[in-house]
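The values are calculated or read from the model by the stated rules, or taken from the named source; none is laboratory data. Since the model is a prediction, treat every value here as computed from it, not as a measurement. All Cβ positions, glycine included, derive from the backbone under ideal geometry; neighbour counts span all protein chains shown.
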Amino acid sequence: MRRESFQNPVTISIRIEKIERDMAQYAGINVSEICRRAIRQELGLYLKESPSIPKSMVDQYFLYLDTRMKQDAELLETIRDYVFQKTQAEKQVTERQQQISAAIKASVDGTADYYVRRLPEHDPRGDFLEVWDDLQKVIQAAHGIQVSHDELYEYFRRLKA
């Protein structure tokens, strides 16, 4: 969670029972944030019921709230953009993996065991590297997808498991 930034920060203290503080810390509750929200809520109620606070102070408070709302909106927009980009990236990776799996499955057509036996863990000297190069060429020609050796290995390792 991000830290709140303040224009003119002041520190206040409150008194609560130690067990309450310990439980709040254990639960991950931000006591300061709760206090700030409660004060803002009470200020709103007070302004509604008793407008005796000087107008200049009220204007200054509304200016502060306006600034805070703009900052929060900017943060929210940044978070939305990040989540959207991350979701799009994950979607692209998933789609690519599905395309690769379909292309490999169509290209090996029942001979998957042949390739499982030629995985690098079964080929310490690299004698079957040409097999993987040939499979890459077949997939490229048949499906138009560039597949790396690692992607091929991963596919056949999943089959093996």
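At-a-glance table
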quantity	calculated
Lone qualifier among Arg158, Arg125 - being among the charged types (D, E, K, R), over 33 Å from the mean Cα position of the chain (by Cα), at pLDDT below 90 and over 12 Å from Ile104 (Cα atoms)	Arg125
Test for Val138: is it touching a residue at least 12 places away in the same chain (Cβ under 8 Å) and not small (Gly, Ala, Ser)	yes
Criterion: of a type in the set (Lys, Arg) and surrounded by 13 or more Cβ atoms within 10 Å (Cβ to Cβ) - qualifying residue of Lys137, Lys105	Lys105
Selection count where residues are part of a helix (DSSP H, G or I), surrounded by 12 or more Cβ atoms within 10 Å (Cβ to Cβ) and not β-branched (Val, Ile, Thr), scope segment 1-32	3
Which numbered condition Ile53 misses (of (1) assigned to a helix (DSSP H, G or I); (2) out of contact with any Asp or Glu (no Cβ under 9 Å at 6 or more places or on another chain); (3) within 21 Å of Gln7 (Cβ to Cβ))	(1)
Some residue of segment 60-80 being aliphatic (A, V, I, L, M), surrounded by 10 or more Cβ atoms within 10 Å (Cβ to Cβ) and touching a residue at least 40 places away in the same chain (Cβ under 8 Å)	yes
Selection within segment 120-161 - in a loop (DSSP other than H, G, I, E, B), hydrophobic (A, V, I, L, M, F, W, C) and farther than 19 Å from Glu95 by Cβ	Phe128, Ala161
Lone unmet requirement of (1) farther than 30 Å from Asn8 by Cα; (2) within 29 Å of the chain's Cα centre (by Cα) for Ile139	(2)
Residues (modelled with pLDDT under 85 and of a type in the set (Asp, Glu)) located in segment 21-47	none
Verdict on Gln98 being at pLDDT below 90, surrounded by 10 or more Cβ atoms within 10 Å (Cβ to Cβ) and polar (S, T, N, Q)	no
Conditions (1) more than 25 Å from the chain's Cα centre (by Cα); (2) under 30 Å from Asp150 (Cβ atoms); (3) among the polar types (S, T, N, Q); number of the one not met by Gln60	(2)
